[in-house]
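Notes follow once the structure below has been shown.
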Amino acid sequence: MKKLFLTFLLLGALIPGQALANSFSGQATVIDGTVAGFGKITLVDTGPLPSTGGSLESSLLDANIPGLLSANVLHATTIGMGDQSRAEASVAKLNLTVAGNTIGANLLMSRARASCGPNGPSASGTSDIVDLMINGQTITVTGEPNQTINLPPPIGGYVRLNEQDQPNSGDITVSALHVFVPGIADLFVSRAHADITCTGGQACPADKDFVTGGGRVPTPNGEGSFGVAGGMKDGGYWGHLTFIDHGSGMKVKGTGVTRYIVTGPTTRHIEGTCETTPQGDTTYLIDVDDQGEPGNNDKLILTLMPSGYKAGVKLDAGNIQLHTCK
């Protein structure tokens, strides 16, 4: 009787039409690597996405490691559902000193996507690198994968831009910046990984609408940097906000998402609580519009209450990304 029962279970597992669900992998990290004298460094890490998918996020308003780096508006997300896995990481106003080399950028953002299609899995990635300087020299960013700038002797090394590693068709890791100095540093900035195993199952989860983004927007005082995430998870609200108005010095740190609304095919509305210095606003409202890749026409409007402060409209740099499953 036991043998018959076991045979039934094995046959049942192989019945046509009972396709296994796609398997996901994703992770985003803003700073990750090792530097002599500082050891292992990891800042703002989503952790690995479960193979069943889901949504993970992490953020930090300011980061400072004396003698090594300073940065603000650190943002990381990864989302896997349906037929795709995505990850993104961004950071603003990075200043880095490694082995006497100085590296700075106003924005470093990476995005990775892996998806299932009629011909199997595929993956792609991109980076946004704004106002990059190395050792006092302005660097022209080509946008091509793996652009490499050699660091001067005697130690040498290199800085690699938009580094892309794709071991197979459905697996990609993108780093906006990779600093390597032999024996001293191996450091990745804004690193996003996504991969997917396609098995034919594309069932959408109950929580299937999210928006994420990072970049730069105009403000009343010049420019501002943002990292944002919003959506529903496990019956509750999910996400974060980090924002700095670089003209006035005002800083906003989200403390919780309280509302998320689908307002149109490409638009979403997010509300939440926040801590704001120095003006003391306690509520934020965000309206975003994802106008497709590469993000040149995407929009973000931030409103703070009770002051009524407003910033944004069309992004100066960066990207807004809707995550949906149908």
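Where a number appears in this text, it was derived from the coordinates with a stated rule and is not lab data. Treat the numbers as computed from the prediction; the structure is a model and nothing was measured. Ideal geometry is used to build each Cβ from the backbone, glycine not excepted, and the neighbour counts take in all protein chains shown.
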Per the C-alpha gyration tensor (a ≥ b ≥ c, the square roots of its eigenvalues), the stretch 58-127 is rounded if a/c is under 1.5, else prolate if a/b beats b/c, else oblate; here it's prolate
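Remind me, relative contact order of the chain in percent, using alpha carbon pairs under 8 angstrom and six or more residues apart?
15
Sorted by average packing, counted as other Cβ atoms within 10 angstrom per residue and highest first, what order do 33-39, 55-61, 292-298 take?
Values: 33-39: 13.9, 55-61: 22.0, 292-298: 15.4.
Ranking, from highest mean packing down: 55-61, 292-298, 33-39.
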Using the Cβ atoms and a cut-off under 13 Å, what net charge is assigned to the surroundings of GLY312, where Lys and Arg are +1 and Asp and Glu are -1? -2
Which order do the peptides 141-149, 204-212, 118-126 take when ranked by the mean count of other beta-carbon atoms within 10 Å per residue, highest first? 204-212, 118-126, 141-149
Cβ-derived FRET efficiency at R0 45 Å, ARG259 paired with THR102, nearest 0.05: 0.60
Give me the number: length gained by fully extending ASP234 to TYR158, i.e. 0.36 nm times residue separation minus the C-alpha to C-alpha distance, one decimal in nm. 23.0 nm
Most positive-pole-ward Cα, SER225, VAL288, GLY53, against dipole of the chain from beta carbon charges: GLY53
Inter-probe distance in nm under a simple model that places probes 7 Å from Cα toward Cβ, at ASN296 and THR42: 3.8
Contour minus Cα-Cα span, SER169 to LYS208, at 0.36 nm per residue, comes to 11.6 nm
Hey, what does the equivalent ellipsoid look like for the stretch 23-197, semi-axes from the Cα gyration tensor as sqrt of 5 times each eigenvalue, largest first, whole Å? 28, 17, 13
Using DSSP, restrict attention to beta bridges with both residues in the chain and report what percent are antiparallel, rounded to the nearest 5. 100
Using Cα centres only, tell me the gap between the stretch 63-105 and the stretch 165-242 in whole Å. 11
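Can you give the local net charge around HIS246? Use residues other than it whose beta-carbon is closer than 15 angstrom to its beta-carbon, Lys and Arg +1, Asp and Glu -1.
Details: positive: LYS93, ARG216, LYS251; negative: ASP62, ASP131, GLU223, ASP245, ASP316.
For residues surrounding HIS246, the net value is -2.
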Tell me which cysteines of the chain come out unpaired when the rule is another cysteine's Cβ under 4.7 Å. CYS274
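For the stretch 209-324, what's the relative contact order in percent, using C-alpha pairs closer than 8 Å and at least 6 residues apart? Display every interim value, and only then the final one.
Working: 331 pairs, mean separation 29.4, N = 116.
The normalised contact order for the stretch 209-324 reaches 25 percent.
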Calculate how steeply helix 2-13 sits against the longest principal axis of the alpha-carbon atoms of the chain, using the helix alpha-carbon long axis, and give the answer as 0 to 90 degrees to the nearest 10. 50
